[in-house]
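Visitor: Pasting a structure below so you can have a look.
The values are calculated or read from the model by the stated rules, or taken from the named source; none is laboratory data. These figures come from a predicted structure and were not determined experimentally. Cβ placement follows ideal geometry from the backbone for every residue including glycine, while neighbour counts extend to all protein chains displayed.
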Amino acid sequence: MTRKQSVAASVCLWALVCQWPWHVQAQGLVSTQPLATTRPRLDLDGPWSFRLDPSGEGQTREWHTDSAPFAGTIQVPGCWQAQGFGVETSAKKFSSLDDGWYKKTFNVPADWQGKEVWLNLGGVKPAADVWLNGKHIGFTRSSRTPLKADVTDCVRFGAANTLCIRVAWPNVRLDGVWDWEDCIWGGLYRSVYLEATESTWIDEAWVRGDAADRRARVELAVRSPKQKGKAFRVRCRISAVEGPGGPYVKEQEVPFAADEAARVSFDLKIEDARLWSPDEPSLYRAEIALLSEANAVDQVSVRFGFREIATRGTQILLNNRPIFLRGGCDDQFYPATICPPASKEFFARRLRLAKQYGFNYTKSCIEVFTPEFLDAADEVGMLVCQEMPFGLSGEFRSVRRDPPSEFESLYRAELGNIIAADRNHPSVTIYSVTSELELTEHSFRLFGRELPEMAKRLNPSALVIDVTAGFGFSRQTQYGTRVTDILEDCGLGLEPLRERPAFDAALEAPYLAHEYQWWTSLPNPETKPKYDGLPMKPFGVDELETAAAASGLAGELPELVANSRKLKYLLRKEGLEFARTLRSCAGYHHWLIHDFNFCPEGVFDEFWQPPADLTAEEFRTYNADTVLLLDDHRQRCFAFGDGLSLPVLVSHYGPKPIEAAELAWVLKHGERTLLSGAADVSAVPCGTLHQVAEVHGAVPQLDGASELVIEARLRDATGSTINRNQWKIWAFPRTRCDLRGKGVKTNLPDIQAAYPGAALLDKAAPPSDAALFVTDTFSEEAVHYVESGGRVLLLSTGDLPEVRGPHCNLFRTVPYNTGSTGTMGTRIADAPALARFPHNGWCDLQFLHLISGVWPLDLDALKPAKIDPLVRSIGHYKTMRNQAYLFEAAIGRGAIMATTFDIARTLPARPETQFLLDELLRYCLSDRFKPPSELGAKFFLDRIEAKRRRGTARSWELNSGVTAGYEPDKAHDGDSNTFWASNAPDRKTPKDMGVEWPKPRAIAGVRIEYYNSQYVPAMDGQDLQVWDGNQWRSIDDEISISGEAGTVWLHRFAPLTTARIRVLVTKMGPTPYPDYERPAVREFDVLGSPE
């Protein structure tokens, strides 16, 4: 049915600078807005001539002329790295950052004569010079928006024309994820075409759907340089793109007198307009005709939607209803094309899949999405954040702290161009000016105030974030108040079952979890065949397989990859649920929705194939409008008889309040129900977190330690499921292993206190005739004891070689697979020592407190012995180090069980630790303790001697404190990736760290490498001191300073003999960051006296 309605309109001629960011230009390349038109068009897509310019001679040799033939052929749209141009690298079959020259010859219709002819470049990156028929049209750095140029005076009508484009890499240019390392590309990545207009035409059209009063606000820019003062009219017809109740039409005619650049504004009231949202992405089309008398001079159409995005307190409101942004973020990795495909349907398929898995929002990394992507998002119903490509990598990233004027100008111009090009899209609801930027006075002025204010002026229908991570958790800074609707940063911790952050109760604006949480796994070799014939290589899998083969783990790789994925799934579920428990959290940027080649941190693989082991239905149990949550009080392990009191919460962002519903829960052991309960649920408004039930009762006595499952289901009044969820817990017996009369001896008081049947030895006493010796220090006496037939349970705290480096002491996987060290999951062997401890072949949350904070053992350091560990820590994909938390080995006639599990600290309070230690004690005392692998005693004796000579790092001053993970020994371990940092008790001085030896030794210098320039003491605020047997005394030393930003200090002095040396810090160097006002040392190396 078609209906017509007459409405009032207002007309105004706008000043050029009003809401339109561009300037009127008759010549040159300018950014433009993608508009659907009925104008005559000549497509130039398809094959072009092409050549690279590695020596940069193209301009001087005038390759833009007809006399310079190009031998290569390339398809447009696309990038040359995907089409056989460049040199091979480990990541791509073809890579080149040379200038690329394009050329195409074509005929322009003769009947276009008398019209205005425009060259349109849909997208060119990173910058371009353009010539038509030998005449230079212009140069542009606008690589993220469509471009156009008036080429009327250059065109040969009814004849051959030659278009030449040089794609170049200027020093001042945009830089985002399209420019990131191995994925960088260049070329004409969207369509190229000519179109013809009459001498008066519609230059830009912006239609805003006002959700509050159902008005379409139409704003036009009309150009008429040759017909000034002539009367024209505008007719606007608005209709629903699709959906019930339509189509319907509304017409409005507005007379105006054309000027060279006229601005026209009017409103159309549409009473029954449907609102755009992810649930119902209702779109409308405005068909706008420019009329002269009865003739249409120009016609364009614009799609738009009626929607409103706003904030209230710590909530984000979409159409006046709270919404939780479930961001499935997209780093735009395209193995088949490298650059974004110019296909709306390509992106629509992906976005529909994302919605099936519960996502309603997306963002890229310092990058924007193309018009094809935004068209798909409009149709599918996906909210989008457009983040400006203002410096992701290298110098483009660092220059943002204090950008030169040419970069400031670029940022201003491109922010305006990008917003003008995409603001008709209802999906574009947030703009981010930049990301991960350090707060300085200059960066605050530009990124914290000026640019976000500009974004708000240009598109009042969107929210603005000034900086996604870097400026902190408050709008207030030392330089003034930030202009930002949303606060985004990290700060939610890396490990699961974390504490609630302190900022949660204090924020005054909605909080988004930044790049949350980089949950990764090992690259999956099953994706490798998908790369056959593609320009990108599976370099992550290649590196993994090479490293696994070198470590002798190739045969175990399928199991290790599977277990790594299991840990990723666990971390992601726990983390997404945790975000829903925070008062101020309005959403998260799940990083990422797709895998990257080397970094499988996505829900889907890099080809956007969904995982076979995780259905959309299962994923939506914790990624949907309404999610059930368990308040586990950061505890998943319980003892038999413990009373459970675990609240079940509902985080509800559905379209209506929850009324007349029921929450039912059960605690199950396999198929057996142990406990159950139900509660009525009503009056739960949208945008709230409510406790709706409680899992309560005593943990029953079972046949043995067991994994249990809590299942919860929320049903509406009809019995239909609103959502469900489940969580694992573990139950352990309370009984302790009775060691009376078993011959167990220990030099650890905490162990003896837990097991009174064990005999307590002095720290230096030999174990002699013990049946089992439990210790944390492997001394010479202990080595000889094992060699002669003894048994040792070693709770190692550094006596055995450990793998120390970034992310090695975490339970979780390595964030975004950075670096080359870390843990990527576990594998538990099918062995009698752990036969009664509940596990499924890997360490789930029952091992969290045993693993978090400890370093895995370095099995490679035990070579030539080949150890198959009981609990393997899976290494980083680049190195696949042989590392473990638990292993057994024979030494001579005896045996050792060694672990770095955090048993001593967690033993008093953790039932899982108590049961694990029980099982290890029982096993080590049994006849089954016969390790298949052997270690030589010499390894341990040599290590003990080396440790004795190297000394022990420590602090003596109380103000130095001891911070978990940053102890003094981290600066004396030969690994510059680890460091000592004095964070406790506060910034009070003096603070110190140094080394001591069992006996005095001759030394002649110290090399101190500080963490970075912010942590270096003042020259007059540090003192190198030695211990003379009674007190500390200063040394006369010569200091030479080197390293990046003066971080390496070499102290040399006359040879002396001492048992202790330290650096005493009394004052830090100047820093604008008070929180950095404390020392931090990567390495403290003592130089021996020359013999």
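Table: residues versus (1) buried (at least 16 other Cβ atoms within 10 Å of the Cβ); (2) in contact with a Lys or Arg (Cβ under 6 Å, 6 or more places away or on another chain); (3) part of a strand (DSSP E or B); (4) free of Cβ contacts under 8 Å to residues at least 40 places away in the same chain.
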position	(1), (2), (3), (4)
His590	yes, no, yes, no
Asn597	yes, no, no, no
Gly602	yes, no, no, yes
Glu606	yes, no, no, no
Leu614	yes, no, no, no
Ser645	no, no, yes, no
Ser651	yes, yes, yes, no
Lys656	no, no, no, yes
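Visitor: Mind listing whichever residues of the range 744-800 are assigned to a helix (DSSP H, G or I) and free of Cβ contacts under 8 Å to residues at least 24 places away in the same chain?
Guide: The initial filter retains those residues of the range 744-800 that are assigned to a helix (DSSP H, G or I), namely 749-754, 780-787.
Pro749, Gln752, Ala753, Glu781, Ala782, listed by residue number.
Here's the yes/no breakdown for (1) among the charged types (D, E, K, R); (2) in a loop (DSSP other than H, G, I, E, B); (3) closer than 16 Å to Leu592 by Cβ:
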| site | (1), (2), (3) |
| --- | --- |
| Ala354 | no, no, yes |
| Gly358 | no, yes, yes |
| Cys365 | no, yes, yes |
| Val368 | no, yes, no |
| Leu374 | no, no, no |
| Val384 | no, no, yes |
| Leu392 | no, yes, yes |
| Phe396 | no, no, no |
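Visitor: Picking from Asp203, Asp259, which residue would you name as being touching a Lys or Arg at 6+ places or on another chain (Cβ under 7 Å), over 29 Å from Ile323 (Cβ atoms) and part of a loop (DSSP other than H, G, I, E, B)? Lay out the reasoning, then the answer.
Guide: Numbers: Asp203 fails: part of a loop (DSSP other than H, G, I, E, B).
One residue alone meets the criteria, Asp259.
Visitor: Here is a follow-up. Just wondering, is there one or more residues in the range 1057-1073 that are out of contact with any Asp or Glu (no Cβ under 9 Å at 6 or more places or on another chain) and at pLDDT 85 or above?
Guide: There is at least one residue in the range 1057-1073 that is out of contact with any Asp or Glu (no Cβ under 9 Å at 6 or more places or on another chain) and at pLDDT 85 or above.
Visitor: Let me ask something else about it. Which residue pairs have Cβ atoms under 6 Å apart, sit 6 or more places apart or on different chains, and have a first residue in the range 385-412 that is surrounded by fewer than 21 Cβ atoms within 10 Å (Cβ to Cβ) and a second that is among the small types (Gly, Ala, Ser)?
Guide: Within 6 Å, the pairs are Arg397/Gly391; Arg401/Ser443.
Visitor: Among the residues of the range 794-852 satisfying the criterion of being more than 16 Å from Glu559 (Cβ to Cβ) and of a type in the set (Asp, Glu), which is modelled with the highest pLDDT?
Guide: Glu802
Visitor: Restricting attention to the range 673-686, does a residue exist that is at negative phi and touching a residue at least 60 places away in the same chain (Cβ under 8 Å)?
Guide: Within the range 673-686, one or more residues are at negative phi and touching a residue at least 60 places away in the same chain (Cβ under 8 Å).
Visitor: Tell me, which residue of the range 427-445 that is crowded, with 22+ Cβ neighbours inside 10 Å and touching a helix residue (DSSP H, G or I) at 6+ places or on another chain (Cβ under 6 Å) is farthest from Ile366 (Cα to Cα)?
Guide: Checking each candidate, the answer is Ser427.
Visitor: I need the full set of residues from the range 168-183 which are in contact with a helix residue (DSSP H, G or I) (Cβ under 7 Å, 6 or more places away or on another chain), under 13 Å from Leu392 (Cα atoms) and not charged (D, E, K, R), in order please.
Guide: The one that is in contact with a helix residue (DSSP H, G or I) (Cβ under 7 Å, 6 or more places away or on another chain), under 13 Å from Leu392 (Cα atoms) and not charged (D, E, K, R): Leu174.
Condition check ((1) surrounded by 20 or more Cβ atoms within 10 Å (Cβ to Cβ); (2) modelled with pLDDT under 95; (3) farther than 23 Å from Leu810 by Cβ) across all residues:
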residue: Gly491; (1), (2), (3): no, yes, no
residue: Glu515; (1), (2), (3): yes, no, no
residue: Leu522; (1), (2), (3): yes, no, no
residue: Pro525; (1), (2), (3): no, no, yes
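Table: residues versus (1) touching a residue at least 12 places away in the same chain (Cβ under 8 Å); (2) in contact with an Asp or Glu (Cβ under 9 Å, 6 or more places away or on another chain); (3) within 22 Å of Gly56 (Cβ to Cβ).
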residue: Gly100; (1), (2), (3): yes, yes, yes
residue: Asn120; (1), (2), (3): yes, yes, no
residue: Gly123; (1), (2), (3): yes, no, no
residue: Pro146; (1), (2), (3): yes, no, no
residue: Ala149; (1), (2), (3): yes, no, no
residue: Cys164; (1), (2), (3): yes, yes, yes
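Visitor: Can you tell me which condition Val241 does not meet? The list is (1) within 15 Å of Asp298 (Cβ to Cβ); (2) surrounded by fewer than 17 Cβ atoms within 10 Å (Cβ to Cβ); (3) aliphatic (A, V, I, L, M), and all the others hold.
Guide: (1)
Visitor: Here is a follow-up. With the structure loaded, tell me whether Leu534 is at pLDDT below 95, within 28 Å of Gln332 (Cα to Cα) and of a type outside the set (Gly, Ala, Ser) or whether it fails that test. Before the answer, list the steps.
Guide: Values: at pLDDT below 95: no; within 28 Å of Gln332 (Cα to Cα): yes; of a type outside the set (Gly, Ala, Ser): yes.
Answer is no for this residue.
Visitor: Could you tell me whether any residue of the range 720-734 is surrounded by fewer than 21 Cβ atoms within 10 Å (Cβ to Cβ), of a type in the set (Lys, Arg), within 30 Å of Leu793 (Cβ to Cβ) and in contact with an Asp or Glu (Cβ under 8 Å, 6 or more places away or on another chain)?
Guide: Yes, that holds for at least one residue.
Visitor: Within the range 96-115, count every residue that is assigned to a strand (DSSP E or B) and surrounded by 19 or more Cβ atoms within 10 Å (Cβ to Cβ).
Guide: Residues of the range 96-115 that are assigned to a strand (DSSP E or B), as a first pass: 99-108.
Checking which are surrounded by 19 or more Cβ atoms within 10 Å (Cβ to Cβ) leaves us with 99-104, 108.
Here the count works out to 7.
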